[in-house]
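The numbers here are math on the coordinates, done by the rules we state, and not lab data. Everything numeric in this text was worked out from a predicted model, so none of it was measured. As a convention, Cβ positions derive from the backbone with ideal geometry for all residues, glycine included, and neighbour counts pool all protein chains shown.
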């Protein structure tokens, strides 16, 4: 299950929930300790209906009232404040201690698994196609050792990798044949461009000024 920023919000209807992940037409929220996946166009769950969602914000309806939310339930404002000097992104572990987050590659929303043991961002060939990554006979091939054994990989460049308001351009990546990894691995070719701090079980990523 996807995880991302998780600041509690007590909304105007006294229903406490937090938005954990956002993808196109889907939002994952936690309500009173229960994790709920909302899909656009489906019936309400626990009184919450998803009207629309992308990788950056969602419109959620409760008791006939609609509001916009960013990850972590930060309400979308009409008049935006001045941007922070440093872009930040928070990650919390799931029940297995793994750090998932919603993000985007080449502008396409996806789920990412933070993996400091991965040298570069890694994805399977199906992910690559959805991100518009084109492989050709000229694409450099690699012999890659994974948890599932040895396989063929392809060295590529990603135009953009973004999580929250942190974006890195021209990121090295590897595309693997088959269905491994199931989730895109957010490896060191992205993480080397940010400062990473651990606070208890939360990981804080900060963009480095250029």
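If the segment from residue 177 to residue 152 were pulled out straight at 0.36 nm per residue, it would be longer than the present Cα-Cα gap by 8.4 nm. Extension gain, residue 52 to residue 198, is 49.3 nm, computed as 0.36 nm per intervening residue step minus the present C-alpha separation.
What's the extension gain from residue 145 to residue 119 if we count 0.36 nm per residue and subtract their Cα-Cα distance? Gain on extension, residue 145 to residue 119, equals 8.2 nm. A straight line joining the Cα centroids of segment 185-210 and segment 118-146 runs 23 Å. Determine the shape class of segment 155-210: with a ≥ b ≥ c the square roots of the Cα gyration tensor eigenvalues, call it rounded for a/c under 1.5, and otherwise prolate if a/b is greater than b/c, oblate otherwise. Oblate, since a/c reaches 1.5 and b/c is not below a/b.
Pairs of alpha carbons in segment 93-191 separated by more than 16 Å make up 52% of all such pairs. To the nearest 0.05, what FRET efficiency results for residue 134 and residue 66 with a Förster distance of 41 Å applied to their C-beta separation? Plugging the Cβ-Cβ distance into 1/(1 + (r/R0)^6) gives 0.55.
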